[in-house]
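So the structure is just underneath, and the comments pick up after that.
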Amino acid sequence: MNRMIIAAAALAGALAGNAYAQDSSNATTGMVGGAATGAIIGGPVGAGVGAVVGAVAGAAVEPPPAQVVTYVQQQPAPQSVTIEQEIVVGKPLPRQVVLTPVAEDPRYAYTIVNDQRVIVDPNTYTVVQVVQ
């Protein structure tokens, strides 16, 4: 049992350090939330595993640069598409949703879903930001 805890802690430290270097605030938040959830479900080993998963997930979605947000805010609004799922940062949209590329930065696209303007990763359809 002690070996499992040590192994989980070592793995958590190694992977969380990498995620922390990518985006410290999101990774840290994800790591703390994942550790708490993992501890509730799986005790000490679950906390280590949850911390790693949370850190990696938290670092995965990077907010777009300010110029991308400004660009998306200034563009004419395409017709809104209605979907049943809630629009959440980090969750993908259905592939049938039509995306409009951001001309200034091809890493991003945007669309209007459920009357919300969203910035999306066009490769994965993952919501990167909901523009207010």
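Scanning segment 27-47 finds no residues that are assigned to a loop (DSSP other than H, G, I, E, B), surrounded by fewer than 20 Cβ atoms within 10 Å (Cβ to Cβ), out of contact with any Asp or Glu (no Cβ under 6 Å at 6 or more places or on another chain) and modelled with pLDDT under 95.
Restricting attention to segment 100-130, the residues being closer than 18 Å to Glu62 by Cβ and outside any strand (DSSP E or B) number 10.
Restricting attention to segment 79-101, the residues that are surrounded by 14 or more Cβ atoms within 10 Å (Cβ to Cβ) and either of a type in the set (D, E, K, R) or over 14 Å from Val127 (Cα atoms) (or both) total 1. Return a yes/no flag: does segment 109-123 have any residue that is within 19 Å of the chain's Cα centre (by Cα), exposed (fewer than 13 other Cβ atoms within 10 Å of the Cβ) and modelled with pLDDT of 95 or more. Yes.
The values are calculated or read from the model by the stated rules, or taken from the named source; none is laboratory data. Worth saying up front: this structure is predicted, and the values here are computed from it rather than measured. Glycine also receives a Cβ, built like all others from the backbone with ideal geometry; neighbour counts cover every protein chain displayed.
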